[in-house]
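Student: My questions will all concern the structure given below.
The values are calculated or read from the model by the stated rules, or taken from the named source; none is laboratory data. Nothing here was measured: the structure is a model prediction, and the numbers come from that model. So basically every Cβ, Gly included, is an ideal-geometry build from the backbone, and we count neighbours across all protein chains shown. These area figures cover heavy atoms from the full protein model, side chains too; ligands, DNA and RNA do not enter into them. Shrake-Rupley method; radii C 1.70, N 1.55, O 1.52, S 1.80 Å.
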Amino acid sequence: MRTVRSCGATVALVRGAAGALTVAGLGWTAWHGVVEPGTALAFGVLITIGELARRDSADGAGHAPAGGRQPAPLGSAGALAYALLGQNAGQPTHHGVLQIVAVVVAAALVGVVPHVALGRGPALDHVARRVLTVTFAAVCFQPLYNSGRLGDLLGQGPLLAVYLVLLLGLTALCDAVLAAALAGARTGWPYGPLLRDELRALLGIGSAICASGVVMALGVAVAGLWALPVFSVPLLLTQLSFRRISAIRTTYRQTITSLARATEIAGYTRPGHSRRVAALSCAVGRELGLSERELTVLEYAALMHDIGQLSLVDPVPSGATAVLPAVERERIARLGGEVARQTGVPAEVAVVVERQAEPYREQPVAARIVRAVNAYDDLVGPGRHPGGSLAALEHLRLGTAHDYQPEVVECLARVLQRGGGPSGRAGVSAFPHG
């Protein structure tokens, strides 16, 4: 109960702060009018185009990265560039922090309306994060620059560019903290691994967005608004490439899911078994702190973990391989690994499939998770433990001396206690298949 309250408080705090800033920015701008409307319109259109080109997964918590993160480099870079804009073609700008908030909010809302209409993406949290991070950057830059103190200290040369890069680094760090907090509140996953995934993302697209924001701001300061389309085209092409990669990864995962259902269609496993094992395995993996790539390997291996049963002459009752002798389990696992390799999945996935029946001390972490979760789902199936989940967990605990890693079993128990298994995980495949 305490966790639910703290998660709700986190979401309320973030949304409340963003809402207060939005009201203040829109109210101030409506009362005083838009300063330098041409500049505001140019950056507003840039942010809107970036948001329109963004692609969210169909379910806000389904198959997107941990924080609901989908690349929108053009919109993010445009918003940060406007927050750090001190000059336009050599002339000082005077738009101020509150107008920056108003322009960014208005442009972002216009850009996310089609996504909301199509039921895609956590738009409210996305806009809240954008408001807070842009406000942070603007507050750290605009007052110092407009007062002249920043120019007196750093001038208009390389030192100013270094300051902008450092400021954007701090801004990206704030965004990562907010994204992890909101993702944890939405999914109930541990905060630490979520923050780690967000920080890893900063090394890739995050650093590119920050660098582009600085270059845009400095380019407009020298060349005027004509610099915006010059620097926007590469980012827009990058964003469209992300959309194509995301679609390819979604199709790839759907193919693996369909292949995994072959055992269900043939009557070797219970309906939905592979999907349940995959969802629960990913929840346990995130509890253990696995990275996004490791979670992808785990998900694919869990989906395909029973593919070796197709080699059996007679199906195992209810597909429960956990009750088979160790030699038979290992034979099925090895055959499953060979089949997995033939499908073209990454080598790590096939290794997990073929090693899932070994003693846990000899297994990779993903294989330990798949083995324990598969056994749990087998044990709670029809005709198994009448005590249900508690009896199945007790059975797994009794096998921790040889068959199941104790840490995995305890993580499984915590996930089940939170009710976090069936919903799956948020994660786009980390493998660039195409």
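Student: Does GLY308 satisfy the condition of being farther than 18 Å from VAL345 by Cα, open to solvent by less than 10 Å² (accessible area, probe 1.4 Å), touching a Leu at 6+ places or on another chain (Cβ under 6 Å) and not aliphatic (A, V, I, L, M)?
Tutor: No.
Student: Next question, about the same structure. Being in contact with a helix residue (DSSP H, G or I) (Cβ under 7 Å, 6 or more places away or on another chain), of a type in the set (A, V, I, L, M, F, W, C), assigned to a helix (DSSP H, G or I) and buried (at least 21 other Cβ atoms within 10 Å of the Cβ): is that true of VAL101 here? Show your work before the answer.
Tutor: Numbers: in contact with a helix residue (DSSP H, G or I) (Cβ under 7 Å, 6 or more places away or on another chain): yes; of a type in the set (A, V, I, L, M, F, W, C): yes; assigned to a helix (DSSP H, G or I): yes; buried (at least 21 other Cβ atoms within 10 Å of the Cβ): yes.
In short, yes.
Student: Tell me the residue from LEU178, LEU173, LEU167 that is free of Cβ contacts under 8 Å to residues at least 40 places away in the same chain, in a helix (DSSP H, G or I) and aliphatic (A, V, I, L, M), please.
Tutor: Numbers: LEU178 fails: free of Cβ contacts under 8 Å to residues at least 40 places away in the same chain; LEU167 fails: free of Cβ contacts under 8 Å to residues at least 40 places away in the same chain.
LEU173 is the lone residue from the list that is free of Cβ contacts under 8 Å to residues at least 40 places away in the same chain, in a helix (DSSP H, G or I) and aliphatic (A, V, I, L, M).
Student: Now a separate question. Determine if region 244-264 includes at least one residue that is closer than 30 Å to TYR82 by Cβ, open to solvent by 50 Å² or more (accessible area, probe 1.4 Å) and not acidic (Asp, Glu).
Tutor: Yes, because at least one residue in region 244-264 is closer than 30 Å to TYR82 by Cβ, open to solvent by 50 Å² or more (accessible area, probe 1.4 Å) and not acidic (Asp, Glu).
Student: Determine whether region 24-43 contains at least one residue that is modelled with pLDDT under 90 and either of a type in the set (A, V, I, L, M, F, W, C) or open to solvent by 50 Å² or more (accessible area, probe 1.4 Å) (or both).
Tutor: No, region 24-43 has no match at all.
Student: Check region 117-128 and report whether any residue there is open to solvent by 40 Å² or more (accessible area, probe 1.4 Å), modelled with pLDDT of 90 or more and not basic (Lys, Arg).
Tutor: no
Student: Being crowded, with 18+ Cβ neighbours inside 10 Å and within 14 Å of GLY213 (Cβ to Cβ) is the filter here, so list the residues in region 161-187 that pass it.
Tutor: TYR163, LEU164, LEU167, LEU168, THR171, ALA172, ASP175
Student: Right, next: Can you tell me which residues in region 194-206 are surrounded by fewer than 23 Cβ atoms within 10 Å (Cβ to Cβ) and in contact (Cβ under 8 Å) with a residue 12 or more places away in the chain?
Tutor: The answer is LEU195, ARG196, LEU199, ARG200, ALA201, LEU202, ILE205.
Student: From the list ALA223, ALA183, ALA227, exactly one residue is under 24 Å from VAL14 (Cα atoms), at pLDDT 80 or above and hydrophobic (A, V, I, L, M, F, W, C). Which is it? Let's see the steps before the verdict.
Tutor: Values: ALA223 fails: under 24 Å from VAL14 (Cα atoms); ALA227 fails: under 24 Å from VAL14 (Cα atoms).
Of the residues listed, the single one that is under 24 Å from VAL14 (Cα atoms), at pLDDT 80 or above and hydrophobic (A, V, I, L, M, F, W, C) is ALA183.
Student: Could you please find all residues in region 97-148 being in contact (Cβ under 8 Å) with a residue 60 or more places away in the chain, out of contact with any strand residue (DSSP E or B) (no Cβ under 8 Å at 6 or more places or on another chain), polar (S, T, N, Q) and farther than 20 Å from GLY16 by Cβ?
Tutor: Result: GLN99, single match.
Student: Is there a residue in region 225-244 that is under 27 Å from LEU288 (Cβ atoms) and free of Cβ contacts under 8 Å to residues at least 24 places away in the same chain? Let's see the steps before the verdict.
Tutor: As a first pass, look at region 225-244 and keep what is under 27 Å from LEU288 (Cβ atoms): none.
The answer is no, given that none of the residues of region 225-244 is under 27 Å from LEU288 (Cβ atoms) and free of Cβ contacts under 8 Å to residues at least 24 places away in the same chain.
Student: Among the residues of region 332-345, which ones are surrounded by fewer than 18 Cβ atoms within 10 Å (Cβ to Cβ) and either assigned to a helix (DSSP H, G or I) or touching a residue at least 40 places away in the same chain (Cβ under 8 Å) (or both)?
Tutor: ARG334, GLU338, ARG341, GLN342, THR343
Student: Just to check your reading of the model, which residue among GLY308, GLY381, GLY399, GLY344 is at pLDDT below 85, at positive phi and not aliphatic (A, V, I, L, M)?
Tutor: GLY344
Student: Moving to a separate point now. List every residue pair whose Cβ atoms sit under 7 Å apart, with the two residues 6 or more apart in sequence or on different chains, where the first one lies in region 255-278 and is farther than 19 Å from SER311 by Cα and in contact (Cβ under 8 Å) with a residue 60 or more places away in the chain and the second, anywhere, is assigned to a loop (DSSP other than H, G, I, E, B) and open to solvent by 50 Å² or more (accessible area, probe 1.4 Å).
Tutor: ARG276/PRO422
Student: Name the residues in region 146-160 that are of a type in the set (Gly, Ala, Ser) and open to solvent by 40 Å² or more (accessible area, probe 1.4 Å), would you? Lay out the reasoning, then the answer.
Tutor: Step one: filter region 146-160 for residues of a type in the set (Gly, Ala, Ser), giving 147-148, 151, 155, 157.
If the condition is that a residue be of a type in the set (Gly, Ala, Ser) and open to solvent by 40 Å² or more (accessible area, probe 1.4 Å), then SER147 is the only one that fits.
Student: Shifting gears a bit: Which one is modelled with the highest pLDDT, of the residues in region 319-331 that are in contact with an Asp or Glu (Cβ under 8 Å, 6 or more places away or on another chain), surrounded by 16 or more Cβ atoms within 10 Å (Cβ to Cβ) and at negative phi?
Tutor: GLU330
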